[in-house]
Every structure is written in C-alpha cells, then in structure tokens.
Amino acid sequence: MAQESGDLASDCQFWLQKLSGWDQACTLETQQDTCLHLPRFQEFLRQIYEALKEADPTTIMERFPTIRQLLTKTCQNPFILAYDESQKIVIWCLCSLINKEPQSSAESRLNSWVRGLLLHILSAFRFDVKEVGPFTQCLGYEPADYYPGLLKNMVASLVSELREDHLNGSNTQRRMAPERLMSLSRICVPLVTLPDCQPLVEALLTYHGQGPQEVLWPELFEAINEAFLLKKISLPVAAVTSLWLRHLPSLERAVLCLFEKLVSSERHRLREIECFVKDSLLPQAACHPAVFRIVDEMFRCALLETDGAPEVLAALQVFTRCFLEARDKENKQLRFAFKAYFPHAPASLATVLSQLPEGLPQGCWLQRLQLISQQLREAVENQPQGSRGGPLRTWFLLAHFGGWADVAAEQLLRSDMDPPAALLWFLAFYHGPQEGAQQRARIMVQAEAVLRRLRELSGSARLSARDLQALGESSPGDPRSPACTQLIRQLLLTFLLWAPRGHTVVREATAFMAPTHDVTQEVIGFLDQTLYRWDQLGTGASGPGALARALLQELRAQV
C-alpha cells in the first residue's frame, strides 16, 4: 500500500507539471498533447479516486499534498472537462474529499474548496464562476462564505427551471433542450449522494420530456437506485415511484434486494419482515399498478422456484397487507381501480378478498368466507380446458390474502354447526390447488372426519396428546395426500389454541406433531402468522394469544 501511495504521489507530480504546461499555452500543439495523454490521465484519476475513497480527507491531504492543485488545474482545463468520463471521475474525486461533519476550520475550508470546484463544473449550465469570484471578493466575502450558498442557489435555479418546464407543457421554445438535460443528468451521476444536490436529483426524477424517449442518462437511474438501497440518500415516495417506473432494472434490483434481506433474516419473524417491506417503499410505490404488477410477478416467480416455500408465501402476504394500507391512505379520487392490480382475476373476487378480516365485524366472517369460497370455486371450475395458468392463477390471487384460510379453520372449530362444505372446499383448495376435483373431494371428507372427532374430544372429560397424535397420522386404509396432511395439522394446531382442554396437552401434542425440523418450522410459521394476525385484530393478549406466544418462544429455542 505504501509503495502504491508513493507511486501515485510521484505520478501526481508528473501530471501537475503536465497540467501547468497545458494551462500556460493554448496552441494547437498543446491541445493535441492534451488529447494524446488524456486516456492515461483518466486512468491516473481513477487510481486517485480508489485511493481517496478508502481514506479520510485529512490522511489524503498528508499523503498527496498537491492533490488540491492537481484537481483545481484539472477543473480549469476545458479540453479535459469536455470529456464526460473525465467530468465523472473528477466529481467522484471531489465528493470523496467532502467531510460530512467538519470538525475544524481546516475541514470547513476544504469543503468550501470542493464546493467551489463542483460549482465550476456545474457552471456550464448557468454562468462562468470566474465572473462571480472577483465580484464577491470586492464585496469582502471569502470563498468559504459564498461557495456553499452559490452551489445551493445554482441547484435551486436548475430545480426551478425543471419545474417551470412542466408548466410550459407543449411550449417547446421555453423547454430545456433534451441534449442539455441528458448532459446535466450525466454530470449528476457522481453527485447523487451530495446533500446540496438532493433537490436537483429529485427534480430530475420527476421531470418528464414530451417525447417517448427517455431524456435522462441511464447511469443516473442506476446511481440513484444504488444510493437509495444502501441508505446513502432518502427520497420521497413520488421520486422513488418515478425512478422505478422509468427504469425497470432499478425496480427489479430493489425487489431482489428485499428478497435478500428476507432470506438472510431469521425465519418466520413477520414483524421484522413487515419492517423490511415498509422500509423498502415498495408497497407505497406499488400503489401505481405498473409497479405492483412487476413486484407481484417477481413474487410469483419466487413461489414457483421455491415450490411454494412458506417464507416466500408469508412475505407475499405481508407485502400485500402493507400495500393495502398504503393504498387506503391515498386520495380516493386519485386511486386506481382495484381491477388494475389484478387484471386477469375476476374483479369481484379480488375485491372481496382484499377486504381483510380485521375490517369486518366477526359476525360477518362466516358469510364472507362462504362468498369467497363460492367465487373461488366458480373461477376454478369454470376455467376453459387448458387455459393459461389454470387453478394456480386463482390460487396465487388467494395466496395474497392467506389470512382468510386461518380464519376459515377457526370458524370450523369454533362453530357448533355441521362443518360448512364451502369452508372445507376453501381449505382443501388453499392447501392443494393442483389437486383434481376428485382428490379435493377426498380431502374434504378426511378433514370433516377429523373435525367431528375434535368436537367429540372437546367435550370429553379427558383429553390426551395421544388422541391428537392418532388424528394427525395417516392410516394405511385411508392414506392422506401431503395437502391433506398439512390441512389437518392446521386444524389440530388451531384446536390446541382454542379448545380449553387443548391447553393442558399443547406441548406434548406439538412434540408428537413436529417430529422433524421441517415440520417444526411449519409449526413455528403457523404460530407466528397467527399471532401477527391476532395483533392486527387486537386480540393477541388473550388466553390463546399468551399460549401461542409462549409455545412459539419455546420452539424457536429448540431450532
């Protein structure tokens, strides 16, 4: 590292001499020499930038004492800055020297000097800074006083011009030329994390040209998105939405970044997932149907690739809940129709599913579930033979609102009536969307038998974990499909939480039901999701809630 620094310091002297020679003569030979050496000089600047970004400004000034002279002369050479690549690297170097929180007058002076050079580069869009310097000095102002304000004023002026362009509409004579916009956006690429330039970044994101072609430099979108994902900048929802609508790779990168966080975080902690999802701003941006459909398609692909992994399914349901909350906060007159978010689903079914249980009185839940089941069945059974997606397309719609499946299981166990066939069909379809009609009917019969036996045990004077273990096991004469096994496990766990006598055997019965790591994770996921839903309803502190919380804590300690 010391050897590299020594080489760079030596190179610094060489290029400083070159820049001085180029600055003193403006002949054709000097211009040709500048162009001849420019590729090597750009490579040198890249090496300087790599060194700058890995050390604090004070260390840099000690290691490269002539860096200020070199960068100043570089910024004053129009033949170097005429190349966009040179501009970008120089701005990167300057931004690396900024002290975010200057602790001394020397650091403040360094910040002022950097702002002055940035202002010089940006001045091509407004005026020549050389005209400003002598004037302000005659008034008695030092650069440290006027450079920061001047840079902010220039940014404010550019922002104002961009906003006025929106008001001018089709008046092309008063609009900023596309070439100038493209050049401005290219210069802003390395400036996106500079606080002084934040308003300009936002104004560029929300600016739209008159033609179909994009007027901003693509690298600007990438730089802003990366800075936003790394929390180097904060942006309002409108700016983020505009970014993702105008640059699809940035939206895809944001969704993948969210997926990475969800995979790397501890499994089945839905409160943490909710924080990640809301922090990403994806639910808020998804209020625009074009954003929602891209995010939704990526969730669908993730479910297919993971064979319906419970973690992905839970994340989809949390995202959907956050999206609905964000949409409810929007101005009703400006909202998109709900059909725009699920264009391939029956509009009435999507609307009914989106009205979550906590938004309805509990006395209406059974009726609503029967309506959902009826519409789901019609959508599945009335699909033309070989239609695209088949039952899986309908199931994916239902998967967004999986909380209704948990409510259905609770309704079946807490009701004194015979199990409604509509609810049995609903649960059989939710757990086995790929099953045929005959197999689904068989699952309904097997689930109904378990329900009747659970009701008998609920009224029994004695209840043992062995009784529940027997219900959870498949008999040789009546084998169960994986979907049926999962459904019955959901019914048994729901029974243990709600039945008064279930509390006495819950730990022993859970141990019987979860003999493997995968099943234990499934039980943990069920408990976490149940508690998350009960918290939304405001019933998480009740007896079943306390029991579920204690059991969840014990199971997490075991895995």
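For a Förster distance of 45 Å, can you work out the FRET efficiency between the beta-carbons of Ala337 and Glu272, rounded to the nearest 0.05?
Working: r = 33 Å, r/R0 = 0.73.
The calculated FRET efficiency here is 0.85.
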| request: For the stretch 498-507, take each phi angle, set θ = phi - 60°, evaluate the Karplus expression 6.51 cos²θ - 1.76 cosθ + 1.60, and give the result in whole Hz per residue in order, putting x for glycine and proline. | output: 9, 6, x, 6, x, 5, 6, 10, 4, 5
| field | Degrees, to the nearest 10: 289-305 long Cα axis against longest axis of the chain | value | 60 degrees
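Over every pair of different alpha-carbon atoms in the chain, take the mean of 1/r and invert it; report that Kirkwood radius in Å. Present the calculation step by step, with values, prior to reporting the outcome.
Working: mean 1/r = 0.0352 Å⁻¹.
Roughly 28.4 Å, rounded to one decimal.
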| field | Degrees between helix 365-381 axis and first principal axis of the chain (Cα, 0 to 90, nearest 10) | value | 80 degrees
| note | Extension length gain for Gln32 and Glu554 (0.36 nm per residue less Cα distance), in nm, is 180.3 nm
| message | With just the Cα atoms defining each centre, how far is the stretch 38-57 from the stretch 203-230? Give it in Å. | response | 26 Å
| field | Label-to-label distance, nm, for residues given as Ser183 and Glu297 (7 Å Cα→Cβ offset) | value | 3.7 nm
| said: Nearest 10 degrees is fine. How inclined is helix 84-96 to the longest principal axis of the chain, computing both from alpha carbons? | reply: 80 degrees
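Estimate the FRET efficiency between Glu305 and Asp328 by the formula 1/(1 + (r/R0)^6), using the beta-carbon distance for r and 35 Å for R0, to the nearest 0.05.
For R0 = 35 Å, the calculated efficiency reads 0.65.
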| task | Grab every C-alpha pair in the stretch 20-76, bin the distances at 10 angstrom width from 0 up to the longest one, and report whole percents. | result | 20, 47, 25, 9
| message | Could you tell me which residue out of Pro65, Gln17, Val215 lies farthest along the dipole of the chain toward its positive end? Charges go on the beta carbon: Lys and Arg +1, Asp and Glu -1, centred on the Cα centre. | response | Val215
| Between the DSSP loop rule and a limit of at most 12 other Cβ atoms within 10 Å, which GluC sites (Glu not before Pro) in the stretch 211-296 are left? | Glu266
| query | Taking 0.36 nm per intervening residue step and subtracting the Cα-Cα distance, what contour gain separates Asp56 from Arg163 on full extension? | reply | 34.8 nm
| task | Could you pull out every one of the lysines with an alpha carbon less than 23 Å from that of Lys332, ignoring same-chain neighbours closer than 8 positions? | result | Lys278
| task | Return the calculated 222 nm mean residue ellipticity for the chain, to the nearest 500 deg cm²/dmol, obtained by summing -39500 (n - 2.57) across DSSP H runs with n ≥ 4 and dividing by the residue count. | result | -22500 deg cm²/dmol
| query | Once both labels are modelled 7 Å past Cα along the beta-carbon direction, what's the Ser264-Lys152 spacing in nm? | reply | 3.6 nm
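Between Asp478 and Leu360, 0.36 nm times their residue separation minus their Cα-Cα distance comes to what? Intermediate values should be presented prior to the final figure.
Details: separation 118, 0.36 × 118 = 42.48 nm, distance 3.88 nm.
Additional length available on full extension: 38.6 nm.
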| field | Straight-distance crosslink candidates among lysines, where the alpha carbon sits under 23 Å from Lys152 and sequence neighbours closer than 8 are dropped | value | Lys88, Lys100, Lys130, Lys231, Lys232
| How about the stretch 173-234: which trypsin sites (Lys or Arg not before Pro) there are in a DSSP loop, with at most 16 other Cβ atoms within 10 Å of their Cβ? | Lys231, Lys232
| request: Sticking with the crude label model, points 7 Å out along Cα→Cβ, report the distance from His208 to Asp518 in nm, one decimal please. | output: 4.8 nm
| message | How many angstrom lie between the Cα centre of the stretch 410-431 and the Cα centre of the stretch 529-559? | response | 23 Å
| message | Probe radius 1.4 Å, ligands and nucleic acids ignored: give me the carbon and sulfur share of the accessible area of the stretch 1-124 as a rounded percent. | response | 50 percent
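Asp23 to Ser234: FRET efficiency via 1/(1 + (r/R0)^6), r the Cβ-Cβ distance, R0 56 Å, to the nearest 0.05?
Working: r = 40 Å, r/R0 = 0.72.
Efficiency, rounded to the nearest 0.05: 0.90.
The values are calculated or read from the model by the stated rules, or taken from the named source; none is laboratory data. None of the values given here were measured: they were computed from a predicted structure. Don't worry about glycine lacking a Cβ; one is built from the backbone with ideal geometry, like all the others, and counts go over all protein chains shown. These area figures cover heavy atoms from the full protein model, side chains too; ligands, DNA and RNA do not enter into them. Shrake-Rupley method; radii C 1.70, N 1.55, O 1.52, S 1.80 Å.
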